[in-house]
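Written below as structure tokens is the structure these notes are about.
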Amino acid sequence: MFPTSLRNSTVIVIATIWLASSALADTTPSIDWKSLPVEEITLFYPGQSSFQWLHSQEHPGARKVGRGTGCTRCHNGDEQSMGKDIVSGGQLEPNPIEGKKGSLRLAIQAAHDEENLYLRFNWRTQADRPGIMHNYMRYDGQAWAFYGGPRSAKRVRQGQEPPLYEDRLAVMIDDGDVQRFAEQGCWLSCHNGMRDMPGEPTTETVRSHPYLGDGGLGRKDVRKYIPVSRTDASASWDKVKPAEVLAQIKERGVFLELMQWRAARSNPVDMADDGYVLGYRLFDEGQNPFSWNVDRDSMIPKYMFDPEKVGRKSLTIADIESVPKPAALIREENATLYDPDADWREGDVLPGRLLSRVDARGSAADNTRIRGKWEDGNWVVTWIRPLDTGNSDDIALERGNTYTFGFAIHDDNVTTRFHFVSFPVSVGIGRGGDITAVSLE
């Protein structure tokens, strides 16, 4: 149903321009990665295991969790078997995805100098192509509509549209201020009521919420948060503390930093987005490297490919369902304003996201030196993160300290909870940890 060979050679020109368009010179210091230690951790499929489930009678270790026992005390080495059980449709997965793996091995290397933390990640993808397809729009002869989606979507499961979703690497950091993150890790931020989780509220219910909805953040669904942001012991999604109280908590430095490298929305411009988790999963102040390339109300695109630069104004369905890699739409490099009179035909495709390294600004644009390369079924992502970004919504890292990290990977065209996650990982910068960042000096 979905071709594996490219049927229009013109896209090779577009792909070549995209690959050559990196706005980042190779500023990585001369690091001999082969000489640095490699730590491998196993990420596993968590299904609907939430903070609430962790403390419920359904979890055999709930009493130990309540006493502060860390997840790895009971489950270290069990990641592969747990993931296999859950992904197959066990107790925690009511809606399994056919053929999905239960675990993933992630190799990590780390180094540091006076200014930066250097991380190198390596993992093998389940799919035989990189997941760089995301939020495409297709013209049906009269109007534009989104096309393709994650494997969890009903229309994709039924074969009506292809699985097109980006690979993603998320890095969560705690400096010790978030209580019990060192023991429970990402599960502190995953809750009932979130997307694809038990008790998910309706869009109307979320929009009527005083903090999350139209009178506050303007959201229509529930995303990550940590228990300190809620008023009840169960950390219910709707029991949010007042906005002024959340601001005071954040001012004290009680939040999780969350950085996400996205194979479609940030990698083409050598960036990752920057955010934090407290009352909700929010981006830092400023502008990320990506934005919508469509007016969500009218569904009219904002930009198209510049024919003078790339030889055509759009892609085709064959282009986005095959390799080599389809192009990203980068405002300052290969894009021009959308022309509604450009002889659009049924089957024309445009990216639903617009990328720009030039427009990225503020704290949201801290991660400007990340490079990902997919080759022979593996992603290798090299990440340079300043120890201290100088922004209050980031965690300042110091040499000689140890921090708790959580890692997650979205692989094989999935989103939301259909990812792989790690247990808490201690990262020492110039000192021992599960992962030790060695000095380059």
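Of note:
- Restricting attention to the stretch 278-290, the residues that are in contact with a helix residue (DSSP H, G or I) (Cβ under 9 Å, 6 or more places away or on another chain) and part of a strand (DSSP E or B) total 3.
- Restricting ILE97, ILE108 to those that are open to solvent by less than 30 Å² (accessible area, probe 1.4 Å) and under 23 Å from LYS34 (Cβ atoms) reduces the list to ILE108.
- The residue list THR402, THR389 contains one member that is among the β-branched types (Val, Ile, Thr), in contact with a helix residue (DSSP H, G or I) (Cβ under 8 Å, 6 or more places away or on another chain) and open to solvent by 30 Å² or more (accessible area, probe 1.4 Å), which is THR389.
- Filter result (touching a helix residue (DSSP H, G or I) at 6+ places or on another chain (Cβ under 9 Å) and of a type in the set (A, V, I, L, M, F, W, C)) within the stretch 252-268: VAL254, PHE255, LEU256, TRP261
- Close pairs from the stretch 229-242: first farther than 18 Å from GLU200 by Cβ and part of a loop (DSSP other than H, G, I, E, B), partner open to solvent by 60 Å² or more (accessible area, probe 1.4 Å) and at pLDDT 95 or above, Cβ under 8 Å, at least 6 apart: THR231/LYS239; ASP232/LYS239; LYS241/THR231
- Residue satisfying all of: in the stretch 148-162; more than 20 Å from the chain's Cα centre (by Cα) and under 22 Å from ALA328 (Cα atoms); surrounded by the most Cβ atoms within 10 Å (Cβ to Cβ) among these: PRO162
- Applying the set (1) within 21 Å of MET133 (Cα to Cα); (2) basic (Lys, Arg); (3) within 25 Å of the chain's Cα centre (by Cα) to ARG312 leaves exactly one unmet item: (3).
- Subset of the stretch 326-359 that is among the hydroxyl-bearing types (Ser, Thr, Tyr) and assigned to a loop (DSSP other than H, G, I, E, B) - its residue that is farthest from VAL269 (Cα to Cα): TYR338
- Sub-9 Å Cβ pairs linking a first residue in the stretch 393-415 that is free of Cβ contacts under 8 Å to residues at least 60 places away in the same chain and closer than 17 Å to ARG281 by Cβ to a second residue that is of a type in the set (Gly, Ala, Ser) and open to solvent by 10 Å² or more (accessible area, probe 1.4 Å), at least 6 apart or interchain, number zero.
- Boolean, ILE317 is in contact with a Pro (Cβ under 9 Å, 6 or more places away or on another chain) and at pLDDT 95 or above: no
- Residue in the stretch 306-326 that is touching a residue at least 60 places away in the same chain (Cβ under 8 Å) and under 12 Å from ARG353 (Cα atoms) present: no
- Only one entry of LEU350, LEU440, LEU355 meets the criterion of being in contact with a Pro (Cβ under 9 Å, 6 or more places away or on another chain), aliphatic (A, V, I, L, M) and surrounded by fewer than 16 Cβ atoms within 10 Å (Cβ to Cβ), and that entry is LEU440.
- Single unsatisfied condition, MET271 versus (1) touching a residue at least 12 places away in the same chain (Cβ under 8 Å); (2) assigned to a loop (DSSP other than H, G, I, E, B); (3) open to solvent by 30 Å² or more (accessible area, probe 1.4 Å): (3)
- Filtered residues of the stretch 274-290 (kept if aliphatic (A, V, I, L, M) and open to solvent by less than 10 Å² (accessible area, probe 1.4 Å)): VAL277, LEU278
- Matching residues in the stretch 194-221 - criterion: being open to solvent by less than 40 Å² (accessible area, probe 1.4 Å) and within 19 Å of VAL421 (Cα to Cα): MET194, MET197
- Any chance SER298 is among the polar types (S, T, N, Q), without any contact (Cβ under 8 Å) to a residue 60 or more places away in the chain and not in a strand (DSSP E or B): yes
- Of the residues making up the stretch 419-434, those that are closer than 30 Å to ASP128 by Cα and in contact with a helix residue (DSSP H, G or I) (Cβ under 9 Å, 6 or more places away or on another chain) number 6.
- Criterion (surrounded by 21 or more Cβ atoms within 10 Å (Cβ to Cβ), assigned to a loop (DSSP other than H, G, I, E, B) and in contact with a His (Cβ under 8 Å, 6 or more places away or on another chain)) met by exactly one of TYR118, TYR165: TYR165
- Qualifying residue in the stretch 72-80 (condition: under 17 Å from SER234 (Cα atoms) and either of a type in the set (Gly, Ala, Ser) or open to solvent by less than 20 Å² (accessible area, probe 1.4 Å) (or both)): no
- Output for the stretch 76-98, where each listed residue is touching a residue at least 24 places away in the same chain (Cβ under 8 Å), in a loop (DSSP other than H, G, I, E, B) and of a type in the set (Gly, Ala, Ser): GLY90
- Number of the condition not met by TRP187 [criteria: (1) in contact with a strand residue (DSSP E or B) (Cβ under 7 Å, 6 or more places away or on another chain); (2) crowded, with 19+ Cβ neighbours inside 10 Å]: (1)
The values are calculated or read from the model by the stated rules, or taken from the named source; none is laboratory data. Bear in mind that the values here come from a model prediction, so they are computed numbers and not experimental data. Methodologically, a virtual Cβ is constructed for each residue, glycine included, from the backbone with ideal geometry; neighbour enumeration extends over all protein chains shown. To get the accessible areas, we keep the full protein, side chains included, count just its heavy atoms, and leave off ligands, DNA and RNA. Shrake-Rupley method; radii C 1.70, N 1.55, O 1.52, S 1.80 Å.
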